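The values are calculated or read from the model by the stated rules, or taken from the named source; none is laboratory data. The shown structure was predicted, so the numbers you read here are calculated from the model rather than taken from an experiment. Note that we place each Cβ from the backbone using ideal geometry, even for glycine, and neighbour counts take in every protein chain shown.
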Ligand code: SF4
Ligand code: SF4
């Protein structure tokens, strides 16, 4: 069993073709710009959207434990008429996830797509991930693993035979700044990436562009120099910061760290560094 917080079908942004993306709950980084803050805790949690609440009191009436002593049973979310209360995170078996994945098999075949395992950090639940990847390969489905890379390299070795593509996040080259904004240094992440680039597996590097953190020519030039030294990924994508996850922070009782979105002119300048 593993805890997932979403399974999205018809994704065009998580690898080639039309994909199903499976989101694992739990992450060992906490990036200040994370647009899925509900992915960070490895446990289920109730999300409460106060702007949707009509004050009907149904949640209170239906809760078997009392709202203040929540045991995450999810009953309130089932009865809430406006989806103001939502249970985020649910246990799945490999068979349950495969059933969802196989629904769109014809779309994968027609578009060159497949399945992407993401998160959170999907590699933290490595046993389950390995089983799922094997099951996909047994069914002839293209597989991608989206990771921040802060795990033992042995985990990569375990899944390499069943993974067709890695989507790998790189944030910044300075470890102190990396720790300041993500809660961990980047030594292990970069060391794993060096090793992964030496394998025969394609790697698409994804760089979130966050103003005041890494949106400078100097930063991107340093990242480019890393690849010139240790091996070139198949693709490098710059992902501009957006504030679309801001409302989710309030829903889980956290305060969002808001940045200003990067402007197109600067983004183009940064993209040119990798072209
Ligand atoms: S998840 Fe269950 S225990 Fe928690 S508030 Fe809702 S109904 Fe009550
Ligand atoms: S059931 Fe939903 S809409 Fe009604 S009070 Fe509870 S959270 Fe608000």
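How many of the residues in the stretch 119-134 are farther than 14 Å from residue 160 by Cβ and surrounded by fewer than 19 Cβ atoms within 10 Å (Cβ to Cβ)? Count: 2. Looking across the stretch 73-89, not a single residue is more than 15 Å from ligand 2 (Cβ to nearest atom) and either under 21 Å from residue 51 (Cβ atoms) or at pLDDT below 95 (or both). Applying the set (1) within 14 Å of ligand 2 (Cβ to nearest atom); (2) touching a helix residue (DSSP H, G or I) at 6+ places or on another chain (Cβ under 7 Å) to residue 131 leaves exactly one unmet item: (1). The set of residues in the stretch 193-213 being in a helix (DSSP H, G or I) and either within 14 Å of residue 146 (Cβ to Cβ) or out of contact with any helix residue (DSSP H, G or I) (no Cβ under 7 Å at 6 or more places or on another chain) (or both) consists of 193, 196. So which of 70, 56 ends up being touching a strand residue (DSSP E or B) at 6+ places or on another chain (Cβ under 9 Å) and more than 21 Å from residue 166 (Cβ to Cβ)? The match here is 70.
Of the residues making up the stretch 218-227, one or more are without any contact (Cβ under 8 Å) to a residue 40 or more places away in the chain, crowded, with 16+ Cβ neighbours inside 10 Å and under 22 Å from residue 14 (Cα atoms).
Name every residue in the stretch 144-162 that is without any contact (Cβ under 8 Å) to a residue 40 or more places away in the chain, surrounded by fewer than 22 Cβ atoms within 10 Å (Cβ to Cβ) and under 17 Å from residue 200 (Cα atoms), in order of residue number. Break it down into steps so the answer makes sense when it comes.
Start the filter on the stretch 144-162 by keeping residues that are without any contact (Cβ under 8 Å) to a residue 40 or more places away in the chain, which leaves 145, 147, 152, 154-155, 157-159, 161-162.
When the remaining residues are screened for being surrounded by fewer than 22 Cβ atoms within 10 Å (Cβ to Cβ), the result is 152, 154-155, 157-158, 161-162.
Selection gives 154, 155, 157, 158, 161, 162.
Any chance the stretch 114-126 includes a residue that's farther than 30 Å from residue 257 by Cβ and modelled with pLDDT of 95 or more?
yes
Meeting the requirement of 1 or more residues that are within 16 Å of ligand 1 (Cβ to nearest atom), surrounded by fewer than 20 Cβ atoms within 10 Å (Cβ to Cβ) and in contact (Cβ under 8 Å) with a residue 12 or more places away in the chain, the helices (runs of 4 or more DSSP H) wholly within the stretch 15-111 are 58-62, 75-79.
Inside the stretch 42-72, can you point out the residues that are within 11 Å of ligand 2 (Cβ to nearest atom) and under 20 Å from residue 5 (Cα atoms)? So that I can check it myself, show each step before the final result.
Initially, the stretch 42-72 is screened for residues within 11 Å of ligand 2 (Cβ to nearest atom), giving 46-63, 67.
46, 47, 48, 49 - these are the residues of the stretch 42-72 that are within 11 Å of ligand 2 (Cβ to nearest atom) and under 20 Å from residue 5 (Cα atoms).
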